[in-house]
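Heads up, the thing below is written out as C-alpha cells.
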Amino acid sequence: MTIAARAATIARVNALRGAVIGAIVGAIVAAIARVAVGTWTLGADERVRAYAAAAIAGVLVGLASGEPVWSARARGVVAAKSIAGGVLGAGALHALRHWVSAQGGAYMPLALAVVGFVVGAMYGAERGRGRD
C-alpha cells in the first residue's frame, strides 16, 4: 500500500468516526431538547429553538470530534472548531429545512443527528492533517 493510499484510508476512517460521534451527539442534544421543549416536532414558531439546538450540537461536535480537547497544541484549534461548528450546525439545519425537505427538518431527532453527522464527518476527515 502506498503512502497516499494509506493516508486516504486513514482520512476515511477518521471521517467515519467523526460522523458517528456527530450523529450520536446530535441525537443526545435532540433528546435533551425533547425534554426541555416537550415535543419532537418543530413548528414555524419554534425556529429559534431549533437553530439554537443545532448550534449547540455543532459546538459539542466541534469539541468531541477532531483533535482531543486536552491536547495542549490543539486548544486554540478546538475552540475555533467549536465556534465554527455552531455556525455550521445552524447552517446545516437551514439547508436541511429549506433545500432538502421541510418535513425532514421539522423532526428534531433526525435533523440534529444529520447536522451532527455532517459536521462530525467534516471535522473527522480534517483530523490529523498538517502533522509532520
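The values are calculated or read from the model by the stated rules, or taken from the named source; none is laboratory data. Computed from a predicted structure; not experimentally measured. Cβ sites come from the backbone with ideal geometry, for glycine too, and all protein chains shown count toward neighbours.
Return the only residue of ALA23, ALA11 being under 20 Å from HIS94 (Cα atoms) and modelled with pLDDT of 75 or more.
Details: ALA11 fails: under 20 Å from HIS94 (Cα atoms).
Being under 20 Å from HIS94 (Cα atoms) and modelled with pLDDT of 75 or more holds for just one of ALA23, ALA11, which is ALA23.
Kindly provide the set of residues from region 28-51 that are part of a helix (DSSP H, G or I) and at pLDDT below 80, ordered by number. Please lay out each step first, then the result.
In the first step, residues of region 28-51 are kept if they are part of a helix (DSSP H, G or I); the result is 28-37, 44-51.
Passing the criteria: ALA33, ARG34, VAL35, ALA36, VAL37, ALA44, ASP45, GLU46, ARG47, VAL48, ARG49, ALA50.
Checking the conditions here, which among ALA79, ALA54, ALA90, ALA106 is of a type in the set (A, V, I, L, M, F, W, C), within 19 Å of ILE32 (Cβ to Cβ), at pLDDT 80 or above and surrounded by fewer than 22 Cβ atoms within 10 Å (Cβ to Cβ)?
Working: ALA79 fails: within 19 Å of ILE32 (Cβ to Cβ); ALA54 fails: surrounded by fewer than 22 Cβ atoms within 10 Å (Cβ to Cβ); ALA106 fails: at pLDDT 80 or above.
Of ALA79, ALA54, ALA90, ALA106, the one residue that is of a type in the set (A, V, I, L, M, F, W, C), within 19 Å of ILE32 (Cβ to Cβ), at pLDDT 80 or above and surrounded by fewer than 22 Cβ atoms within 10 Å (Cβ to Cβ) is ALA90.
In region 58-73, what count of residues is obtained for those that are assigned to a loop (DSSP other than H, G, I, E, B), in contact with a helix residue (DSSP H, G or I) (Cβ under 7 Å, 6 or more places away or on another chain) and not aliphatic (A, V, I, L, M)? Spell out the reasoning first.
Kept after step one, since they are assigned to a loop (DSSP other than H, G, I, E, B), are these residues of region 58-73: 65-71.
From the residues that got through so far, the ones that are in contact with a helix residue (DSSP H, G or I) (Cβ under 7 Å, 6 or more places away or on another chain) too are 65-69.
After this cut, where a residue has to be not aliphatic (A, V, I, L, M) as well, the list is 65-68.
The qualifying residues number 4.
Among all residue pairs at least 6 apart or on different chains, which show Cβ distances below 9 Å where the first residue, located in region 62-74, is exposed (fewer than 13 other Cβ atoms within 10 Å of the Cβ) and the second is not in a loop (DSSP other than H, G, I, E, B)?
PRO68/ALA74; PRO68/VAL78; SER71/VAL77; SER71/VAL78
Only residues in region 112-132 that are modelled with pLDDT of 75 or more and surrounded by fewer than 18 Cβ atoms within 10 Å (Cβ to Cβ) count as the first member; pair them with residues that are among the basic types (Lys, Arg) and not in a helix (DSSP H, G or I), Cβ under 7 angstrom, at least 6 apart or cross-chain, and list the lot.
Final answer for the pair search is none.
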